[in-house]
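Have a look at the structure below before the remarks.
The values are calculated or read from the model by the stated rules, or taken from the named source; none is laboratory data. Model, not experiment: these values are computed from the prediction. So basically every Cβ, Gly included, is an ideal-geometry build from the backbone, and we count neighbours across all protein chains shown.
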């Protein structure tokens, strides 16, 4: 006599126990602390904050630990927590021009006011495994500190170009209309640029990287130059209604990329440069640059360019770049589907019988 | 920290409740809503969970099934989620439930007036396989232009002699909207027609809610010369002997051994000797 | 409530949940009348059902227009945070006196018919089993509903509202602590009494 499998509840709790044990690893080794993750796996924490759409290093570090280093799972944990938080209001637009910079480079000029500031970059490391890191050792000596050449924030490359009239002005925003909010309202297309940038800012780094790369290989090429990549701390300001003036509630680390792209001009516009924009929580140039490439590609229709490349297809890009959504739907295929499969089985059997 | 009753905060519930009411007023129309991230992954029933969380109250009795069964792991997990966050009574008996959340099946027992069935929906857009662009499919619904789907169905029949969609077979609701019944087997489609219970559909990842009020016409798409003809495995249930229930096929050995048992475990247990 | 503002639901979570289920049942089965019970005691001229409906559904993301005067306005805005709007764009319109024409409210668009407004109307009475004959989704055959306190041309207005389906306005009728629903999908016929 067949008896169907029971005990789903017990199976689930056993699986959870095994997961906890696997997460901990060899108990003879010291447990990884959330503080260690936050301090020593900083770029993982940054990526999780960006894709988890929540600027909280401590929570992101906890999510990295809990997810055993699965960063998409960690971003999902952070999103699911974030969505339960009460909403107090929006900040003023961040002034990234006034960021306290750790890094700022431009590919378009050999030298420029403010200089090239390399900061903590992998760019010129030789990718040789450093076996010394495998052994516990002393903390490295502090890096030498340099005085900035000029006081105050350096000018933006796009502003330098704009002085000459070579940089297309950004379309004027409407200050009275609050920007759309992807976390409250579902995505709908055609999307405003503000909404597109929100989607891209928390989009999957790998997906955007591939799309950005495809534009470079000719699928919607937009002749990009890195006008500027900057990384540093920006102040977040809010205006509490009861005060009526802005107060500074703290700093967040951001990476911003302004890509300068060629534009051939049109009947009404002279040839000039246009901008692709990327902004992401934490230190993540790869994401900010890929985002800027895709942002510019998505502006193709607005600039009267031929469309048709994947990165220029707004619905395709925006509906598929969220890795929490994507991983859910792809991975849900492992849930039981035997009812549907059974109906397919009987259907195929019936069709074969009819053919014979 | 403590979470809200049934997990969702009150503002989110209000937003979802407004969407549900509009869905009821426009049977079969997909209402966009601001779906939230849930503590379960997209694809695990986040849309159904958000709908259930927005309607459920202390006097409800909840049943959760996946593939027709109360004891599948995801059904167990979702039932436990609501028992924990809403302190609600749960049951496996279809007749005792005031709310039934389901993935991929409609119970065999005829649902009663006052009951609510909540479907978990992966892809709410019935046109998505023919027209993946949401902007375009939205226009087609506005125009009630479903020629694309009729053509596809006709081609299937011409090629295979029957409709190739054995599950998630599209339906027309109240003669106006083409609707995905969710991936239920075609066998279950007729149960949707003029069902006395309220049918609510939640798609979390796609951020859509839709509904079919009680006693509403739900017609599976077909042609006069090829009427809708769902099939079930031609066997009685090996446990309860039912010849009119939908069956799971169980592989019993590796030399072709098969047995067939009711997919609806509650129905089977009630009938079993 | 030192400034005289009356309280909302004594239990915000379950007050709203119970009221929502009554509205859901009313719109799912047009013509059925549902008593809310509960202890909501809104300021005049609001009746408990109409106040409960607004408190349950309106909020900072769903605008409200009403004709109930300043005291009721303070009550409704405080408890919901719903912003004001023009009649033609409001999500919710509450009529305690003469109702505005259905055609004056937004019916949504063919692509987004769910943007159609909800009109909450306080009437003198609603009774099952007599009056209009209703048919359509949610109704097994026919159902009768008698409403007093609506304009004489309401059936004609309703016919025009129903004719533009899927666009349209949905109506929640309230009397005392009772409510009934008229979703745009329903057909309403004036019954000729023998």
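Yes/no matrix, rows are residues, columns are (1) under 30 Å from residue C:187 (Cα atoms); (2) more than 10 Å from chain A (Cβ to nearest Cβ); (3) within 18 Å of the chain's Cα centre (by Cα); (4) surrounded by 15 or more Cβ atoms within 10 Å (Cβ to Cβ):
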position: B:211; (1), (2), (3), (4): yes, yes, yes, yes
position: B:214; (1), (2), (3), (4): yes, yes, yes, yes
position: B:234; (1), (2), (3), (4): no, no, no, no
position: B:237; (1), (2), (3), (4): no, yes, no, yes
position: B:246; (1), (2), (3), (4): no, no, yes, yes
position: B:251; (1), (2), (3), (4): no, yes, no, no
position: B:260; (1), (2), (3), (4): no, no, no, yes
position: B:271; (1), (2), (3), (4): no, yes, no, yes
- Query: Can you tell me which residue in the stretch B:170-201 is farthest from residue B:125 (Cα to Cα), limited to those that are within 8 Å of another protein chain (Cβ to nearest Cβ) and part of a strand (DSSP E or B)?
  - Reply: B:198
- Item | Complete set of residues in the stretch A:189-204 that are touching a strand residue (DSSP E or B) at 6+ places or on another chain (Cβ under 7 Å) and either over 18 Å from residue A:279 (Cβ atoms) or not assigned by TED's automatic domain parsing to the domain that holds residue A:255 (or both) | none
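Residue-by-condition table, conditions (1) surrounded by fewer than 21 Cβ atoms within 10 Å (Cβ to Cβ); (2) part of a helix (DSSP H, G or I); (3) more than 15 Å from the chain's Cα centre (by Cα):
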{"position": "C:146", "(1), (2), (3)": "yes, no, yes"}
{"position": "C:156", "(1), (2), (3)": "yes, yes, yes"}
{"position": "C:174", "(1), (2), (3)": "no, no, no"}
{"position": "C:181", "(1), (2), (3)": "no, no, no"}
{"position": "C:191", "(1), (2), (3)": "yes, no, yes"}
- Could you list, in sequence order, the residues of the stretch A:306-321 that are more than 13 Å from chain B (Cβ to nearest Cβ) and either at positive phi or without any contact (Cβ under 8 Å) to a residue 12 or more places away in the chain (or both)? A:306, A:308
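State all residues of the stretch A:174-185 that are surrounded by 14 or more Cβ atoms within 10 Å (Cβ to Cβ) and at the interface with chain B (Cβ under 7 Å from one of its Cβ atoms); if no residue qualifies, say none.
A:185
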- Hits in the stretch B:223-232 - residues which are loosely packed, with under 15 Cβ neighbours inside 10 Å, more than 10 Å from every other protein chain (Cβ to nearest Cβ) and in contact (Cβ under 8 Å) with a residue 24 or more places away in the chain: B:223
- Message: Among the residues of the stretch B:32-43, are any modelled with pLDDT under 95, within 15 Å of the chain's Cα centre (by Cα) and part of a loop (DSSP other than H, G, I, E, B)?
- Response: yes
- Taking the stretch A:33-56, which residues are free of Cβ contacts under 8 Å to residues at least 40 places away in the same chain and assigned to a helix (DSSP H, G or I)? A:34, A:35, A:36, A:37, A:38, A:39, A:40, A:44, A:48
- Message: Looking for something in contact (Cβ under 8 Å) with a residue 40 or more places away in the chain, surrounded by fewer than 18 Cβ atoms within 10 Å (Cβ to Cβ) and more than 7 Å from every other protein chain (Cβ to nearest Cβ) - is there at least one such residue anywhere in the stretch A:322-329?
- Response: no
- Is it the case that the stretch A:80-95 has a residue that's under 21 Å from residue A:36 (Cα atoms) and either in a helix (DSSP H, G or I) or out of contact with any strand residue (DSSP E or B) (no Cβ under 9 Å at 6 or more places or on another chain) (or both)? no
- From B:18, B:36, which residue is over 20 Å from residue B:218 (Cβ atoms) and more than 12 Å from chain A (Cβ to nearest Cβ)? B:18
- Task: Report yes if some residue within the stretch B:183-204 is modelled with pLDDT of 95 or more, at positive phi and out of contact with any strand residue (DSSP E or B) (no Cβ under 8 Å at 6 or more places or on another chain); otherwise report no.
- Result: no
- Message: Just to be sure before I move on: is residue A:352 assigned to a helix (DSSP H, G or I) and over 14 Å from the mean Cα position of the chain (by Cα) in the structure I sent?
- Response: yes
- Among residues of the stretch C:138-179 being in contact (Cβ under 8 Å) with a residue 60 or more places away in the chain and away from chain B (no Cβ under 14 Å), the residue nearest to residue C:33 (Cα to Cα) is C:178
- Query: Does residue A:195 count as within 30 Å of residue B:208 (Cα to Cα), touching a helix residue (DSSP H, G or I) at 6+ places or on another chain (Cβ under 7 Å) and in contact (Cβ under 8 Å) with a residue 12 or more places away in the chain?
  - Reply: no
- Yes/no for residue A:144 being without any contact (Cβ under 8 Å) to a residue 60 or more places away in the chain, in contact with a helix residue (DSSP H, G or I) (Cβ under 9 Å, 6 or more places away or on another chain) and over 26 Å from residue A:49 (Cβ atoms): no
- Task: Return only the number of the condition from (1) surrounded by 14 or more Cβ atoms within 10 Å (Cβ to Cβ); (2) over 20 Å from the mean Cα position of the chain (by Cα) that residue A:209 does not satisfy.
- Result: (2)
- Message: Looking at the structure I just gave you, is residue A:39 loosely packed, with under 14 Cβ neighbours inside 10 Å and within 23 Å of residue A:236 (Cα to Cα)?
- Response: yes
- Item | Residue that is farthest from the chain's Cα centre (by Cα) [pool: residues in the stretch C:4-35 that are under 23 Å from residue C:71 (Cα atoms) and within 14 Å of chain B (Cβ to nearest Cβ)] | C:11
- Among residues of the stretch B:116-145 being touching a residue at least 40 places away in the same chain (Cβ under 8 Å) and in a loop (DSSP other than H, G, I, E, B), the residue nearest to the other protein chains (Cβ to nearest Cβ) is B:122
- Message: Out of the residues in the stretch C:97-137 meeting the condition of being part of a strand (DSSP E or B) and within 14 Å of chain B (Cβ to nearest Cβ), tell me which one is nearest to the chain's Cα centre (by Cα).
- Response: C:120
- Message: Among the numbered criteria (1) within 19 Å of the chain's Cα centre (by Cα); (2) within 7 Å of another protein chain (Cβ to nearest Cβ), which one does residue B:91 miss?
- Response: (2)
- Selection over the stretch C:1-34 where residues are surrounded by fewer than 24 Cβ atoms within 10 Å (Cβ to Cβ) and closer than 19 Å to residue C:119 by Cα yields a count of 7
- Task: Filter the stretch B:50-88 down to residues that are free of Cβ contacts under 8 Å to residues at least 40 places away in the same chain and at the interface with another protein chain (Cβ under 10 Å from one of its Cβ atoms), then give me how many there are.
- Result: 13
- Query: If you check A:69, A:114, A:119, which single one turns out to be outside any helix (DSSP H, G or I), at pLDDT 85 or above, surrounded by 12 or more Cβ atoms within 10 Å (Cβ to Cβ) and touching a strand residue (DSSP E or B) at 6+ places or on another chain (Cβ under 6 Å)?
  - Reply: A:119
